[in-house]
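First the structure, in the form of structure tokens, and then the observations on it.
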């Protein structure tokens, strides 16, 4: 099973278990690509046709919630086919403790929402200075 299918199935399970659906309309998952590098965690969500004003992001403790809505046009009659998703979209990501949730940056360009979260300073590797001190003058010898 592909990793994206596992994420999609997990999202559906969470939505069913915790009833995160906010309306009677179906809530659709957002297609996502996520990766990490030395600077932090990055994710991009496909939201074509969604107005930036209709995107809502919130973080509570270590859960990032993204919600969006694409309104269905009301002026279309006699639809011959419809494969596009309309309505509410949502995604919840559980963030690791090593991420700095105070530094979340989000940009929306050409229907793609990009989220960047830096690694927390406390989680970054750091060098530890070893102090050089005086050794004992009479080391004890261990015998067995």
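Every number in this text was worked out from the coordinates using simple rules, so none of it is lab data. For clarity, every value in this text was computed on a predicted model and none was experimentally measured. For neighbour counting, all protein chains shown are included, and Cβ atoms are generated from backbone atoms with ideal geometry for every residue, glycine included.
When 36, 61 are sorted by how many other C-beta atoms sit within 10 angstrom of their C-beta, beginning with the fewest, the order is 61, 36. By the count of other C-beta atoms within 10 Å, a proxy for reagent exposure, 46, 37, 110 are ordered fewest to most as 110, 37, 46.
Spacing of the modelled spin labels on residue 57 and residue 28, each 7 Å from Cα toward Cβ, amounts to 2.1 nm. Residues 76, 91, 67 in ascending order of nearby Cβ atoms (within 10 Å, fewest first): 76, 67, 91. In terms of the Cα gyration tensor, with a ≥ b ≥ c the square roots of its eigenvalues, is the stretch 28-144 rounded because a/c is under 1.5, prolate because a/b exceeds b/c, or oblate? Because a/c hits 1.5 or more and a/b exceeds b/c, the stretch 28-144 counts as prolate.
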